[in-house]
Amino acid sequence: MKFMIATVAAFAATAAALKLTEPKENAKWDLSQTNTIKWDHVDSDPETFQLVLVNHKTGGEEDMTIADKVKTSDGEYKLTNFVAAPGSTYSIKAFGTEKTNNGQLAESQTFSVSKSGVSTTTTSTATVKPTSSGTPATSSSAAPSQTSNAATALGATFGVAGPLAAVFAMLF
């Protein structure tokens, strides 16, 4: 009898736990715009959790962290300008990150991404000019540019480190 009561209580607790209610099944998201992830929660859910965008593509899942330490009590999260390839096999997963409440908490229904957001990075340039004392003087500038995640992942965007290393190499 005690086992049956404990089983029913455990089932009731999991049935009423965190539930992702948006995106809805077959929704179409343009990730260059603002999209809203919504959820219902109960008091036993963790105070914060992690949101992950999952592409259930052929050959395995691709997980992309949207946000860490999302407040459960907020009930929604606004996702703006997120970079992911268009496709029709996406879902959102919520993961508990607390010691006593971790692992997958919930998963949304499957939806489509019709358009990706754009990754913004900063590129830098440096100029070395000789001065009257013979010591090189450097000047640098930075300007925002738009690149894809692939360019950044391959190291095509070096930031300030590349030009500074070149200046030091010339000095020594």
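Throughout, read-outs are computed from the coordinates displayed, never taken from laboratory work. Please read all numbers here as calculations on a predicted model, not as lab measurements.
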> Each residue of segment 110-117 in turn: what ³J(HN,Hα) in whole Hz from Karplus with 6.51, -1.76, 1.60 and θ = phi - 60°, glycine and Pro shown as x?
Replying inline: 6, 9, 10, 10, 8, 8, 7, x
> Over the C-alpha atoms of segment 9-108, what are the Rg and the largest Cα-to-Cα span, Dmax, in Å?
Replying inline: 13.7, 43
> Once amide H atoms are built 1.01 Å from N in the peptide plane, which residues 5 or more positions from L18, or in another chain, come under 5 Å H to H?
Replying inline: V42
